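Shown next, in structure tokens, is the structure this report addresses.
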Amino acid sequence: MKEILAAILGIVLVATSLEEAFVTVLLPRPVRHRRLLVRYFFRITWAIWSRVASRFSTKTRREGFLGIYGPLAMVLLFTTWAIALIIGFGFLQWAAQVGNSQDHRALIPDILISGDVFFTLGYETLQPYSTTCRLLTIFEAGTGFGFIALSVSYLPVLYLHFSERDRQLIQLGSRAGSPASAGSVLQRFAKESNMHKLNDWLRNWELWAAELIESHSSYPMLAFYRSQHENHSWLASLAVILDSCALVATGAEKADSLQLESTFVTARRVLVEITRALKVREIEDTHRFTMEIISELEGDLEPLGLRWTNRQFTEQMVLAIQARYEPMLQALSAYLLLPLPKWAPGIRRTDSLSAPSVALRLIHGTFPDAPDSAK
């Protein structure tokens with residue numbers, strides 16, 4: 001009876017680990033069914049890690065500590081899978097030779113030998129008792145070899161997606177400041193009085209959001225990877241894009257409606273995919289927008305063709321648009337400890353982008369992306 005229970009437990013451990021590793025690493029599409037090991041691994045470890053991080057008194061130390069979690073969690077996840085496979089094969093080896101008439105090993109030595117076979121070390125002298133044990137040994141050695149190769153090839157793929165995501169964040173900071181906001185983005189384009197460039201900019205962010213849908217729906221653990229640059233985050237950048245779309249949609253006369261809608265829909269879908277993958281509940285009735293923001297920005301944004309005539313109607317429209325994405329933004333912000341930007345912080349009224357003013361900003365360091373750490 002005990003060998004049957006050991007065999008069942010071993011099969012469950014091996015099958016579950018291989019299935020979840022395949023779905024997580026190799027399957028190029030999001031999977032909606034529950035992956036218990038992966039799901040609870042991230043849920044438990046992130047709960048512990050974020051609670052410890054919240055005790056840090058300074059933002060720099062807290063962000064540095066949180067930035068370790070993403071890469072470390074992936075290493076620990078592969079380690080967890082490897083341990084589960086080793087223990088599972090150990091149970092199977094033990095169950096296969098319990099009923100043998102010869103003396104058989106205890107469970108712990110079988111698990112240790114399973115680890116030796118899994119990593120193909122050749123340290124232990126293996127003398128399997130039966131053909132079944134020999135076949136299990138061959139299968140485990142092949143599984144271990146393939147698992148190590150999978151681990152080595154998978155991590156660079158994550159870093160490739162991470163670096164591509166971060167590259168666009170740097171470009172946003174260089175144009176709209178650090179931290180960026182919808183108001184600062186639109187103010188920069190208003191200085192050039194060029195709606196065509198704004199449409200091109202929205203197109204670039206639509207492509208960026210589409211890449212996030214592809215990468216983060218297949219590899220949702222990328223959401224835990226934080227930007228290596230201060231005041232930058234993928235979630236805050238999404239908020240800036242969505243906020244910008246809301247302002248332009250309610251006040252623009254010459255905006256490309258098709259491009260505006262495409263960018264908004266694609267950026268919002270990123271939030272839908274990630275909240276669904278991380279099983280995060282939306283937070284309702286939380287708004288960052290107030291009509292004072294329109295009053296603050298209206299004079300600066302008129303050269304871009306942005307005008308708001310009916311204030312009450314505009315407020316209702318912006319809040320209605322914001323309601324389609326703000327609950328997901330707030331939920332992810334609270335869960336991942338990623339702060340959201342204001343709509344229009346630190347708007348500076350500067351001269352037009354003539355050559356002398358650009359030169360002066362470059363000389364004195366008053367260009368948009370001038371983080372505090374560089375001072």
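Values quoted throughout were computed directly from the atomic coordinates according to the rules given, and no laboratory measurement underlies them. Please read all numbers here as calculations on a predicted model, not as lab measurements. No Cβ is skipped: glycine too gets one built from the backbone with ideal geometry, and neighbour counts run over all protein chains shown.
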_Two-decimal ratio, segment 158-221, of alpha-carbon radius of gyration to 2.2 N^0.38 Å_ = 1.26
*Would you mind computing Rg(Cα) / (2.2 N^0.38 Å) for segment 177-349, counting N as its residues?*
0.99
*Inter-label distance, nm, simple model (7 Å from Cα along the C-beta direction), Leu72/Tyr40*: 2.3
*From the Cα gyration tensor of segment 54-96, with a ≥ b ≥ c the square roots of its eigenvalues, which class applies: rounded if a/c is under 1.5, or else prolate if a/b is larger than b/c, or else oblate?*
prolate
_With the cut-off at 26 Å, tell me which of the pairs Lys59/Lys191; Lys197/Lys342; Lys191/Lys342 have Cα atoms farther apart than that._
Lys59/Lys191
*Ratio of segment 119-236's C-alpha Rg to 2.2 N^0.38 Å, to two decimals?*
1.79
*Please work out the FRET efficiency for the pair Ser163 and Ile83, using the Cβ-Cβ distance as r and a Förster radius of 22 Å; give the result to the nearest 0.05.*
0.15
*Once a ≥ b ≥ c are taken as the square roots of the eigenvalues of the Cα gyration tensor of segment 223-318, is the result rounded (a/c under 1.5), prolate (a/b larger than b/c) or oblate (a/b not larger than b/c)?*
prolate
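Ranked by Cβ crowding within 10 angstrom, fewest neighbours first, how are Trp46, Trp234 ordered?
Trp46, Trp234
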*Full extension from Thr290 to Ala320: what is 0.36 nm times the residue separation minus their Cα-Cα distance, to one decimal in nm?*
9.5 nm
*asked:* Run the numbers for Glu298 and Lys2: contour at 0.36 nm per residue of separation, minus the present Cα-Cα distance, in nm.
replied: 98.9 nm
